[in-house]
Each structure stands twice: as structure tokens, then as C-alpha cells.
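Values quoted throughout were computed directly from the atomic coordinates according to the rules given, and no laboratory measurement underlies them. As the structure is a prediction and not an experimental result, all values here were calculated from the model. All Cβ positions, glycine included, derive from the backbone under ideal geometry; neighbour counts span all protein chains shown.
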Amino acid sequence: MAFQIERRDPLTQAQGVEAGYAQTARRWPSQPLARRPHSVAELSGPQVGRRLGEIRGDLAGYGDRRALGQLIRVRVRVLDEDGAPLPGAVVEAWHCNAAGKYIHPNDTHDAPVDPNFYGAARMVAGDSGLVELRTIKPGAYPVPDTGGWWRPPHVHFSVWGRVWLSRLVTQMFFPGEPLNESDAILNAIRDRAARERCIARLVPSRSSELVYEYQLVVRGRKANPKIS
Amino acid sequence: MRLIPTAEMTLGPFFPREFAQGLHDLAAGAADAIEIIGCVTELDGRTLDNVVLEIWQADAAGRFDNPEFPGWGRAATDAQGNYLFRTVRPGACAGRAPHVNFLVLYSGLMRQLQTVMFFENSEDPVLACVKARERLIAKRETPNRYRFDIRLRGGEETPFFDD
């Protein structure tokens with residue numbers, strides 16, 4: 001099956017250099033991005049599952065190895081632009097602990113490390129394009145040298161779609177968080193509905209975990225057959 | 001049903017180190033392996049630590065669907081901004097000159113940056129889309145080593161693509 005990649009509405013994506021996020025002005029290219037025709041190189045893609053296996057789908061732990069924090073389960077569905085699920089899609093997730101501290105050695109935030117929390121997961125989607133991440137709700141944390149920018153609780157996701165140009169790296173936010181309103185990253189997306197799609201939905205749960213649902217929509221749809 | 005692609009957002013500064021380890025070698029001991037090295041810099045030429053680079057390329061025969069060759073790799077820059085891939089030189093394919101597709105992910109990049117490395121100045125429909133085409137052509141440092149530096153902004157800025 002051939003897939004095609006179409007241009008996106010720029011309002012649904014960040015522009016590049018963003019107000020309130022100083023690093024973007026040092027790193028986003030100053031020259032306009034070039035457009036190119038799509039060949040087999042861009043419209044095929046790696047089978048990353050051959051190199052990237054599942055390594056963790058549960059960051060919360062059990063018994064006396066339980067991570068601290070609100071226990072949550074995030075149900076993420078990976079779909080393409082046709083709404084078709086992507087079974088076998090590889091999904092990477094990472095986030096900070098309940099106190100706002102990452103496992104990364106570059107994190108200098110003065111918040112406690114949780115010895116029972118390791119915030120990096122890699123999952124493979126099942127038949128319906130679904131992955132489930134059992135974890136704890138991440139905390140908020142201040143961004144250094146920004147004069148009061150606090151990141152709201154969020155989970156980073158990295159996913160591969162069907163072709164090279166379907167690659168998606170993004171962040172998922174939580175509903176009802178006051179910091180969502182002022183976050184320079186979430187608000188770099190100018191279209192309100194596009195921002196709201198980056199916020200997970202809390203769904204009723206009878207289990208001991210708060211359950212959130214979320215969609216990752218990767219680029220690409222079935223190519224229209226050429227009429228000749 | 002038509003869904004709108006999810007908004008991209010930055011990788012941030014805390015991409016787990018384990019995710020970028022052990023994935024830079026696509027060559028699997030091939031006798032004709034090559035190295036692709038380079039340095040990633042921002043405005044004013046400052047080098048960048050822990051930039052995540054992913055590549056996608058054809059095999060030596062120009063095939064993108066060879067089950068014996070991954071075609072994909074990932075590396076992160078070190079504290080001096082340097083990265084290294086080991087791979088094989090891709091073949092030409094379907095009107096495309098031999099090339100390696102690069103994707104750059106980093107803190108401060110709200111969207112992934114796409115660029116393409118070529119081995120020599122060639123007739124190619126993607127290379128033809130950029131003005132500073134010499135910046136997409138790797139420098140051959142030794143018979144088996146190519147240098148492809150990536151400047152995100154300013155100076156000899158690397159050409160990037162939007163699709």
C-alpha cells in the first residue's frame with residue numbers, strides 16, 4: 001500500500017522561533033525550509049521494531065518498589081490521517097518523577113530523586129494501535145534561567161509511522177492544569193483545537209489507577225490511485 | 001474520516017541516554033563500512049551536547065526494503081557536539097543520487113529538522129531544491145570517512161527541508 005504525505009495547516013504546528021522560548025532563536029534555521037519532491041526515500045520507512053525492542057511499559061512498579069506519586073494509566077492509540085490504527089508501531093515515552101526530576105544527569109533541578117522511578121519506556125502497539133503506559137503522574141518543574149517559566153506536567157512521546165516523513169516527537173499534557181495556560185511549548189501551537197488535542201482525556205475508572213486516553217496521529221494517508 | 005496530524009513538540013534536554021546508545025552502527029561488520037562523522041552547532045557556532053540524529057538510507061544496492069539491512073540508525077552528539085555513524089555507502093535508486101536522510105531532534109527545536117547528506121555533487125531532484133547545495137555534500141576525509149557538519153542557524157547554515 002502506497003502512502004502519501006500532504007502539507008499540514010501551519011496553525012496546527014509550531015512555527016520554529018517561539019516567544020518565551022529563547023533557545024528556539026538560537027537553533028531554528030534562519031533560512032526558509034526548502035520543499036522537495038517525495039521519492040521512495042521519503043515515502044518508505046524503517047522497520048524500527050527490528051532494532052528497538054520493548055524495554056518497559058510499567059514505570060510505576062509494585063509492592064515495596066512502587067514509585068511515589070499518583071498512579072495513572074495512559075492509553076495511547078497510534079493512528080494515521082485516515083484514522084487507521086498502526087499495529088506494531090514503536091512508541092517511546094519519557095517523563096520526570098512526581099517531584100519534577102528527570103533521571104537524566106543533565107537535570108540540575110533541586111528536587112528529590114525517587115529511587116523506585118525510572119522514567120523511560122518503550123512499547124510496541126497492539127492490533128488496534130494501542131499502547132498502555134502504567135506510571136505515576138509527572139510533576140511540574142521550573143525551566144532554568146527563564147525568570148519563572150514552569151513546565152506543566154507532561155509526558156514526552158516519540159513514535160514512528162508508516163514512512164520516514166511520518167516520524168512524530170511530541171508531548172502529552174494533563175487536563176485542568178493551570179500551568180498549561182502559560183506554557184511556551186504548548187502555546188506555540190496557535191490553533192486552539194490543535195492544542196487541546198495535545199491534552200489527554202481523563203476517563204472513568206474503577207481500578208486503582210487514574211486512566212487517561214490519548215491519540216498520536218502520525219502523518220500519512222493512503223495514496224489516491226493515479227487516474228490516467 | 002480525516003484526522004489532523006498531532007502537533008510536533010521539542011524533544012527537550014532530557015531524552016533518555018539509553019535510547020540513543022548502541023544504534024549508530026548499521027554496517028554490522030561489513031568490509032566496506034564507512035564512517036559518517038560531524039559536529040552540530042547553533043547560532044554563533046556553539047557546539048551542542050546530546051543532539052539526537054536519526055538517519056534513513058538505502059542499502060549498497062539502492063534498496064530501501066532490504067530485510068537484511070536496517071537502513072535506520074540513531075546517534076547523539078557528545079559534549080563537544082560530535083556524532084558518528086558506521087554504515088555502508090548507499091546505492092543510487094529510482095532517480096535519486098546516493099544519499100543519507102538526516103533528522104535532527106533537540107531541545108529548542110519545536111519541530112524535527114530534515115536534511116540530506118550527499119556523497120558528491122550529483123544530479124538529484126532533492127539536491128536541486130536548495131541554493132547552497134555544496135553544504136549538503138559531505139567532505140571525504142579518508143577513503144572510508146565522510147564529514148557532514150550540521151549548522152542549525154547562522155553562518156554556513158545547513159539547508160533544511162519542510163514537507
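Data overview
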item	result
Radius of gyration, Dmax [the range A:53-216; alpha carbons; angstrom]	15.8, 46
Centre separation in Å (Cα based) which lies between the range A:153-228 and the range B:101-163	29 Å
Relative contact order computed over chain B (Cα-Cα under 8 Å; 6+ residues apart), in percent	28 percent
Fraction of antiparallel bridges per DSSP, the protein assembly as shown only, in percent to nearest 5	75 percent
Loop-resident sites, the range B:37-129, for GluC sites (Glu not before Pro), counting at most 10 other Cβ within 10 Å (DSSP)	B:Glu68, B:Glu120, B:Glu123
Debye intensity ratio I(q)/I(0), log10, the range A:142-189, q values 0.14, 0.19, 0.26, 0.32 Å⁻¹ (C-alpha model)	-0.45, -0.70, -0.98, -1.20
Listed residue (A:Ser208, A:Pro178, A:Pro85) projecting farthest to the positive dipole end of chain A, Cβ model	A:Pro85
Charge-dipole axis of chain A as Lys and Arg at +1 and Asp and Glu at -1 on Cβ define it, positive-most pick from A:Val113, A:Ala194, A:Pro152	A:Ala194
Sum of -39500 (n - 2.57) over DSSP H runs of 4+, divided by residues of the protein assembly as shown (222 nm, nearest 500)	-500 deg cm²/dmol
Within the range B:107-121: backbone nitrogen closer than 18 Å to the B:Cys129 label point (7 Å, Cα to C-beta)	B:111-119
The range A:44-112 - Debye-derived log10 I(q)/I(0), Cα point model, q = 0.18, 0.21, 0.24 Å⁻¹	-0.94, -1.07, -1.17
The protein assembly as shown, dipole about Cα centre (Lys/Arg Cβ +1, Asp/Glu Cβ -1), debye to the nearest 20	580 debye
Residues B:Thr6, A:Thr24 arranged by fewest to most Cβ contacts within 10 Å	A:Thr24, B:Thr6
Chain A - share of DSSP beta bridges that are antiparallel (%, nearest 5)	75 percent
Selection from B:Leu109, A:Leu11, B:Phe15, by position along the positive dipole direction of the protein assembly as shown (Cβ)	A:Leu11
Kirkwood Rh and Cα Rg combined as Rg over Rh, evaluated for the range A:1-96	1.04
Separation between Cα centres of the range B:43-83 and the range A:1-78, rounded to whole Å	16 Å
Ranked A:Val211, B:Val51, A:Val217, criterion: other C-beta atoms within 10 Å, fewest first	A:Val211, A:Val217, B:Val51
Assigned charges on the beta-carbon of Lys, Arg, Asp, Glu; the range B:17-151 dipole about Cα centre (debye)	300 debye
Computed magnitude of the charge dipole of the range A:53-216 (debye, nearest 20; Cβ of K, R +1, Cβ of D, E -1)	220 debye
Using alpha carbons only: equivalent-ellipsoid semi-axes of the range B:17-151, gyration tensor based, whole Å	22, 19, 14
Isotropic mean projected area of the C-alpha convex hull, the protein assembly as shown (nm²)	20.2 nm²
For B:Met1, B:Met9, order by how many other beta-carbon atoms lie within 10 Å, fewest first	B:Met1, B:Met9
DSSP loop trypsin sites (Lys or Arg not before Pro) with at most 16 other Cβ within 10 Å excluded, longest remaining stretch of chain B	B:47-130
